[in-house]
Structure formats: structure tokens, C-alpha cells
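Some notes on the structure that comes next.
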Amino acid sequence: MKTPFLVLTFATSLTLHAQLPTAPPKSAGFDPARLTLLHETARRFVDERKYAGIITLLARDGKIVDFQTYGHRDLEKQLPMERDTICRMYSMSKIITCVATLMLMEEGKFSLDDPVSTFLPEMKGMKVWAGGTQEEPKLEALKRPITIKHLLTHTSGLIYDFIGDDELTKMWRAADLWNGPGLSNFVAKLSKLPLKHQPGDAYTYGVNQDVQGAIIERVSGQRFGAFLEERIFRPLGMKDTAFDVPDAKLERLAKTYKLVDGKFVEDQPIIETWPKEGRGIEAGGAGIFSTAGDFARFAQMLCNGGTLEGKRILGRKTVELMTANHLVTLPNNQAATRQKGFGLGVEVTTDLGQLSIPSSVGQFGWYGAATTYCQIDPKEKLVAIALAQHFPFNQHGFFAAFQTGYYQALK
């Protein structure tokens, strides 16, 4: 049994790293014995050399009840994963960018149905891919403009240049979108590329949130990263979250690994997400660095309906709009073929019968390419975060094991 001094020391250390307040698992409705099953599962993924390191965090009722680290952030230097380890969030950045966009909507700066070209006139003349080759593409005119809501729901027709190897993707890849400098240069390159399909016709994962970052710059008059720092990161106390990592914090940055012939090899970042300031662009879709503790504060704000510790980031009704299933607007009943719905930047559980792991109707969140996970369950007042730094995405199925593990531990 731990002495009161050790318990106090642990709680103080946890609070310093995690920032949210802490509580014993039992008081928050978790069975401590069953939580050990989750710990054993996560440990096994590291012990079996599937991932170099993992961080997991669970918060309930606004308090962290479980915060674990496994393995290493740097195998070469034998540096362990720690609670304050900085990770590449990759596409978990998208949730932050979408919240920033909705903040400006609330302020009346635009409507979600406004055409993107109102704010980025470079994109007004974009065309739609109709076949051909990258050298001789067949293009057709837009039937309707791309709107801000199309960006938020990934229904604009914009794609990613690293997913697939068809002629359209090759054309995008040749455009060298990610080197910068700046989001205006990114949009200038992007505007010359064709869309995969007509806006509003289908869900296609792509650079939508990077375009939202450019809109935020134009509307706010601030550099995108400065807007996020002033309006989201600083108010929420996210001290280790940014598009860059200062030199003083670089030792806390986790390396990203892949497995080659059974051995961990450090991999290169995708879409130029380098920690050095000024390299690449402030990519709202994938460029943010953060910690588990910082991201838990952001996620808790959403779980609370848009507020944290007296600081209102979004209105409660806006969070409701964000977490509704907007794919029901797609033609040909496409939403019915998906396991989950999709809102304004987040996936949403709409029917437990579609799933093979525990969840709650209304659970929402998103993931990142380097095997990062954030899910928010308003019904259970639960925030769950898992951070590995591993390519390819969720290679060994850790997310399903993690989600099963924390739900089975609820009383």
C-alpha cells in the first residue's frame, strides 16, 4: 500500500504534467482492477515490439484518472516516453482547426454556406477531374462552389497527395504543396489543381483544414499559428502546443518509427511537419505538435460543451452542430454505408450496432497518421487519448484494444 506521502507526490507530479486536475479512478467510476487489464494490454503492444512507445490518458468528469507511459520516445538515446513528451498530432490538428473556424463563424465573420472563394479568390476557377493523365487531364467546371462547410466535412473534392498513386494524385504530388513559404503560397499552388469530384457529392479525405487555416488568416488578419495561440492554446493553458518545437523542448520530442525487418527505424515526417520554425507551412490539417496533457485540456473543453475553467471557446449549441452527422446530406444514401457519421471535423458514433467495440452514441473525435487517438464521450463525460509515434497508421490495431480496455473498466 502506498504511503500518503507517495500518493501526494504522485498526484502532484501528475498534475504538473497533465494540467487537468486528478482524481482516483475509483472515485470517477472506474474499477481499478479492471484498469490493470488496459495497462497490461498497452504494455504488451510495446513488449512485443509493435510500437516503440505509447502514452495513454483517461479523464472523467474533467479529472485525469489514469495517465500511463510505456516504452521509449527515443530508442537510440534510450529516452523513455514521459507524460510531457511532445508528439506530432498529425490529423488530430484538424479538430483544433475546425474549432478555430467555428469560432469565427460564431463571431459573424462568415456563414458555413459561404463560398471559399469569397475569402480565397484564387480558388474561384478550380475545375473537377474527369479523367485523362496528369499531362493531359480532362476537366469539367464546378456545378456549385466549394463552401466552408464542404471543407469542414471533407466533401469539397480536395484530396491528399500522399494517398494513392492514380493520375490525379500524381498531378497533386508534382505540385509540391508543402514547402511553403506560407499558406498563401500553398493556396496559390492548390488552386491550379483539379478536385476529385464535385463539391458536396462525396466524402474524400484531404487538405480541407489546411485551406481553413488560410481562410482564418485572411479573415482574422493574423498568422494562423498566432491566432491559435491567442484564441485557443493560451486560454486553455496548452503550453506545449504549436506548429514548431523550440530548441529548449526538442529533447522532449518523440521520434516517429516504422518497422523494417522487425527493427524500429526512425521515419521521415509526412507533409513537411518539421519542428524547426519556418520550415514547411502551418498546416491546419496535420502540423501541430502537442502533449497528451495539453490535448486533454482541449478535448475536455469540447466534452464540457465548449468551456474549460470558466473560459468559453465555443458555444454549447455550436458544439452540438459540430458533433452532428453532416454526411446525411450526401446524395445516393452514402451515409448509410459508413460505420460512423462525420460532423464538422470529427467522426461521430451514431449506431452501436455498426461497431465491433464498445462506444456510446454521440462519442466523437479523430486520429493522426502517426498512430494518435482522441475520443470524447459526452454521455460518459469521458476523454480518452493515446499517442504512439509510429507509421503506418494504427498498424497493429491498438486503437480498438485501447477503446475496449477503457470502456470495460467503467463500473
Being within 30 Å of G305 (Cβ to Cβ), surrounded by 16 or more Cβ atoms within 10 Å (Cβ to Cβ) and touching a Gly at 6+ places or on another chain (Cβ under 7 Å) narrows it down to one residue among T101, T153, T97, T147; which is it?
T97
Of everything in the range 178-206, what is in contact with a Pro (Cβ under 8 Å, 6 or more places away or on another chain) and under 28 Å from G225 (Cβ atoms)? Give them in sequence order.
P199
From the list F393, F364, F402, exactly one residue is in contact (Cβ under 8 Å) with a residue 24 or more places away in the chain and surrounded by fewer than 22 Cβ atoms within 10 Å (Cβ to Cβ). Which is it?
F393
Pick out the one residue from L79, L112, L104, L120 that is among the hydrophobic types (A, V, I, L, M, F, W, C) and in the same structural domain as F289 (by TED's automatic domain parsing).
L79
Here the residues within the range 161-178 that are β-branched (V, I, T) and not in a helix (DSSP H, G or I) are I163
When you scan the range 58-72, do you find a residue that is assigned by TED's automatic domain parsing to the domain that holds A299, under 26 Å from I271 (Cβ atoms) and either surrounded by 14 or more Cβ atoms within 10 Å (Cβ to Cβ) or modelled with pLDDT of 95 or more (or both), even just one?
yes
Being touching a residue at least 24 places away in the same chain (Cβ under 8 Å), crowded, with 19+ Cβ neighbours inside 10 Å and closer than 15 Å to R73 by Cα narrows it down to one of T256, T241, T273, so name that one.
T256
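The values are calculated or read from the model by the stated rules, or taken from the named source; none is laboratory data. Quick caveat: nothing in here was measured; it's all calculated off a predicted structure. Positions of Cβ are generated from backbone atoms using ideal geometry, with glycine treated the same way; all protein chains shown enter the neighbour counts.
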